[in-house]
Amino acid sequence: MFGVQGPAWLGSEEWALPGFIIMSLWTTGAAMVIFLAGLQSIPQELYEAAEIDGAGAWGKFCAVTIPMTTPVILFNLIIGVVQSFQVFTQAYVMTGGGPNNATLFYVLYMYRVAFNYKEMGYASAMAWILFMIVMACTLLIFRSSARWTYYEGERGGGR
């Protein structure tokens with residue numbers, strides 16, 4: 001209309017992946033609901049005790065809010081990591097892996113190998129590799145969480 005053309009979000013190799021990243025922000029609502037539930041479960045007495053000790057807003061955030069929401073942070077982190085490895089539907093419906101395979105994610109490629117190329121054994125091996133990668137990432141997160149996650153019934157904090 002005025003000679004200014006916006007990016008071809010799904011039509012160019014440079015903008016296809018950023019388009020998917022921006023689109024994935026739509027799914028952050030579930031994580032926010034879980035964070036809200038975690039924030040509402042923090043006892044008010046802890047904030048009152050921190051205020052009596054002289055903590056300001058930042059001090060209460062660092063000493064009460066963050067430690068008490070670490071189990072929620074851990075849960076959302078694991079769910080986010082697992083979901084990041086499972087991008088299929090969006091790429092299949094919107095671009096089919098294009099343009100020029102710029103959005104050919106691993107799961108979409110695995111689908112192509114299985115159903116387009118009819119190589120079920122190779123696709124099965126790819127699925128097992130994906131499982132092992134997701135399991136390794138999850139185990140690494142769980143191992144590291146012992147140092148920074150606090151559970152309410154635990155003595156001495158998570159450190």
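Read the figures in this text as sums done on the coordinates, not as results from a lab. Every value quoted in this text rests on a predicted model; they were computed, and no experiment measured them. Cβ: placed from backbone, ideal geometry, glycine included. Neighbour counts: every protein chain shown.
Structure values in brief
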item	result
Qualifying residue in the range 18-33 (condition: assigned to a helix (DSSP H, G or I), more than 20 Å from the chain's Cα centre (by Cα) and over 21 Å from Cys137 (Cβ atoms))	no
From the options Ala37, Ala55, Ala49, Ala63, residue that is in contact (Cβ under 8 Å) with a residue 12 or more places away in the chain and either assigned to a loop (DSSP other than H, G, I, E, B) or surrounded by 12 or more Cβ atoms within 10 Å (Cβ to Cβ) (or both)	Ala63
Any hit, the range 113-121, residues being buried (at least 16 other Cβ atoms within 10 Å of the Cβ), closer than 29 Å to Pro18 by Cβ and under 22 Å from the mean Cα position of the chain (by Cα)	no
Within the range 122-140, tally of residues that are under 16 Å from Leu77 (Cα atoms) and surrounded by 11 or more Cβ atoms within 10 Å (Cβ to Cβ)	6
Count of the range 107-126 residues which are of a type in the set (A, V, I, L, M, F, W, C) and either in contact with a Lys or Arg (Cβ under 7 Å, 6 or more places away or on another chain) or not in a helix (DSSP H, G or I) (or both)	0
Residue identified as in contact (Cβ under 8 Å) with a residue 24 or more places away in the chain, among the aromatic types (Phe, Trp, Tyr) and touching a Ser or Thr at 6+ places or on another chain (Cβ under 6 Å) among Tyr106, Tyr150	Tyr150
Residue identified as closer than 30 Å to Glu13 by Cα and in a helix (DSSP H, G or I) among Leu74, Leu104, Leu130	Leu130
Test: Ile42 is surrounded by 11 or more Cβ atoms within 10 Å (Cβ to Cβ), among the hydrophobic types (A, V, I, L, M, F, W, C) and outside any helix (DSSP H, G or I)	yes
